[in-house]
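Report on the structure given below.
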There are 2 protein chains.
Amino acid sequence: MDRTEKLVQALREAGLRLTPQRLAIVRLLATTDQHPTAQMIYEQLRPDYPSLSLATVYNTLETLVDLGVVNVLGSAGDDAVHYDADTDPHVNLACISCHRVIDLPSQYVHALEQEVATTSGYRLLGARVVYYGLCPDCQREAARQPAGGRRHRRRRRRRGEHHQTQSGSEE
Amino acid sequence: MDRTEKLVQALREAGLRLTPQRLAIVRLLATTDQHPTAQMIYEQLRPDYPSLSLATVYNTLETLVDLGVVNVLGSAGDDAVHYDADTDPHVNLACISCHRVIDLPSQYVHALEQEVATTSGYRLLGARVVYYGLCPDCQREAARQPAGGRRHRRRRRRRGEHHQTQSGSEE
DNA sequence: CTCTAAACTTGGAATGATTATAAACTAGAG
DNA sequence: CTCTAGTTTATAATCATTCCAAGTTTAGAG
């Protein structure tokens, strides 16, 4: 909604151009709850913007991060960086199995942010409060699988793969 | 101190071998407060273990992370992942200018962790509570420099560079 | 409108952190 | 001491991300 507006504002105020590509990226970021990676953004937008370049996605993300309106979350067990357009203090929960990242409201993050701001002496520019573990779904999954061995090879995600919602509406 | 012991224990209990390389890495992790990257560990150990391979450092770090005794912090504005052998809930502060990462005690992280554990339904495996910004030193630095322009090119860190303690003995 | 400089976008090449692989080594139980 | 599965190592391979050199647009002035 107005999160889109907020991002657009930020671009305007910085004297930057509002190109169709930027607008598309901003809209996607503002309305999704998926905490997408650059690759995910690229793939979701390509149908509508066939000429879009991955480089543009990266550029735009960098710009938005520099403007302080988008947060970098780091990876969720995959090898790509996830982004979050919600810069209000909140907790992210990343599942290291399905690589999905969700938001979690918290009454303590605000206090924590306050505390850090006042006691650190740092000029704070952003935060990354991510807890990782197994989501309920993947726990069930794991319980079913008799754990084919304790040592799991790590596999890299291929350029084309998606992290996808497994079935219905969820979040 | 006994943080070294804790890590060694974890390896033992998992039935893994305690090789000289692993011991060295564990000791370094347990005693430093630098939140090093794999590269940093490699370079700090190379003098004493000339045959050490970067791959071993990565392998060992992965092992320790899997065992849950080491945390992954993500990058500090550089392009490499930082690790933290302190898995007790605490806040990390990363300076995006000098790329140093420090610890910050906090009375709220505990509450936050509790909250997440009970309300999320996730099986928590670790956390990454990192605030980033400019440390006092770099703020002064920035104030001095009349900001040569708002747009700063990003530069990649070269393989050989170090993030170093500002005054201490450098290698 | 029209023009223009600066700001953007783009495809492809380049970079470099991290992984995979295969061969050589060794911790540690018997 | 003897084995052998677990480890290390050097090196190649992978791939997210950045860089680059053009080609395009944007937005403001005329």
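The values are calculated or read from the model by the stated rules, or taken from the named source; none is laboratory data. Please read these numbers as outputs of a predicted model, since none were measured by experiment. All Cβ positions, glycine included, derive from the backbone under ideal geometry; neighbour counts span all protein chains shown. All accessible areas refer to the heavy atoms of the entire protein, side chains included, with ligands and DNA or RNA removed. Shrake-Rupley method; radii C 1.70, N 1.55, O 1.52, S 1.80 Å.
Listed values, structure above:
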item: Gain in span if fully extended, B:A55 to B:T4, counting 0.36 nm per residue against the direct Cα distance; result: 16.2 nm
item: Radius of gyration and Dmax over the Cα atoms of the range A:65-137, both given in Å; result: 13.0, 41
item: For B:D86, label point 7 Å along C-beta direction: distances to other copies, nm; result: 2.9
item: Protection-proxy order for peptides B:112-118, A:9-15, each taking the mean of Cβ atoms within 10 Å per residue, highest first; result: B:112-118, A:9-15
item: Full-stretch length increase - A:E13, A:Q44 - with 0.36 nm per residue and alpha-carbon distance subtracted; result: 8.4 nm
item: Inter-copy spacing of A:R12 label points, which lie 7 Å from Cα along Cα→Cβ, given in nm from shortest upward; result: 6.5
item: Averaged over A:89-97, number of beta-carbon atoms from partner chains that fall within 10 Å; result: 3
item: Residue-wise HN-Hα coupling along the range B:64-74, computed from phi with Karplus coefficients 6.51, -1.76, 1.60 (Hz; x: Gly, Pro); result: 5, 5, 4, 6, x, 9, 9, 9, 9, 9, x
item: Fraction of antiparallel bridges per DSSP, the range B:2-144 only, in percent to nearest 5; result: 65 percent
item: Placed amide H near B:A127: partners under 5 Å, 5+ positions off or other chain; result: A:Y132
item: Peptide A:72-78, shielding by other chains (average Cβ, 10 Å cutoff); result: 3
item: Kirkwood hydrodynamic radius over Cα pairs of the range A:1-142, then Stokes diffusion coefficient at 4 °C and 1.567 mPa s, in µm²/s; result: 80 µm²/s
item: Ranking by accessible area, most exposed first, for A:R128, A:R27, B:R3, A:R22 with a 1.4 Å probe; result: A:R27, B:R3, A:R22, A:R128
item: Average partner coverage of B:102-108, which counts Cβ from other chains inside 10 Å; result: 4
